[in-house]
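Student: Before anything else, here's the structure in question.
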Amino acid sequence: MNPNISVQEIMTTNPVTVPPTATLGEVRALFSKNSFHHVPVAGPGGELVGIISREDFFKVAYVLSVEAARADNTKSRFQHLMAEDIMTKYPLQLAPDDTIGLAADIFLANKFHAVPIVDDGQLVGIVTSHDLLTYAFASPVGEQSELERFEEA
């Protein structure tokens, strides 16, 4: 595996997004219908404003369900919360020409599983730990980097 290739080679382009005003019901429907674990939150011009993980969503749903035992307004609160209320604001992001080695370092250091890819302020993709694993295991076993081949010569 070559850690120096750019993330644009392995990222998911045109990721599914939600606007900041999406309801939690809409977010739940996206997670229910799709196998992805992160949904970027994009503004009207396609700019990245946040990200919601499946875990973020389920934490909020759990807290609301615990509160349901104490109050009758939980269902109403769930219906009125929006993506912007639970998203991670200002998420760490990469540029398309950043390397997959850098993405891997970010995943390992921060225990992240997805990083949005932004170019000139616009969300253009997302790279996940799954993308890195798929790339790593698609590489031939014993593949040498250009540097290793040069050092042997």
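We did not get these values from a lab; they are worked out from the coordinates using the rules stated. Remember, predicted model here, so these are calculated numbers, not experimental data. All Cβ positions, glycine included, derive from the backbone under ideal geometry; neighbour counts span all protein chains shown.
Student: Which order do Phe36, Phe58, Phe137 fall in if you start with the one that has the fewest other Cβ atoms within 10 Å?
Tutor: Ascending number of Cβ neighbours within 10 Å: Phe137, Phe58, Phe36.
Student: In a shell of Cβ-Cβ distance under 14 Å around Gly46, excluding Gly46 itself, what net charge do Lys and Arg (+1) and Asp and Glu (-1) give?
Tutor: -3
Student: Right, something else. How many nm is it between the label spots at Lys111 and Glu55, if each spot is 7 Å from the Cα in line with the beta carbon?
Tutor: Calculated label separation equals 0.6 nm.
Student: Quick one: 3J(HN,Hα) in Hz for segment 23-35, Karplus 6.51/-1.76/1.60 with θ = phi - 60°, rounded, Gly and Pro as x.
Tutor: Values per residue, Gly and Pro as x: 6, 5, x, 5, 5, 4, 4, 4, 5, 6, 8, 10, 8 Hz.
Student: Here's another thing I want to ask about it. First measure r as the distance between the Cβ atoms of Leu133 and His80, then evaluate 1/(1 + (r/R0)^6) with R0 = 41 Å and state the FRET efficiency to the nearest 0.05.
Tutor: 0.60
Student: What distance in nm separates the simple spin-label points at Lys89 and Val16, each placed 7 Å from Cα in the Cβ direction?
Tutor: Modelled inter-label distance: 2.7 nm.
Student: Same structure again: If you plug each phi of segment 101-110 into the Karplus form 6.51 cos²θ - 1.76 cosθ + 1.60 with θ = phi - 60°, what whole-Hz ³J(HN,Hα) values come out, in order, with x for Gly and Pro?
Tutor: x, 5, 4, 4, 4, 5, 4, 5, 6, 10
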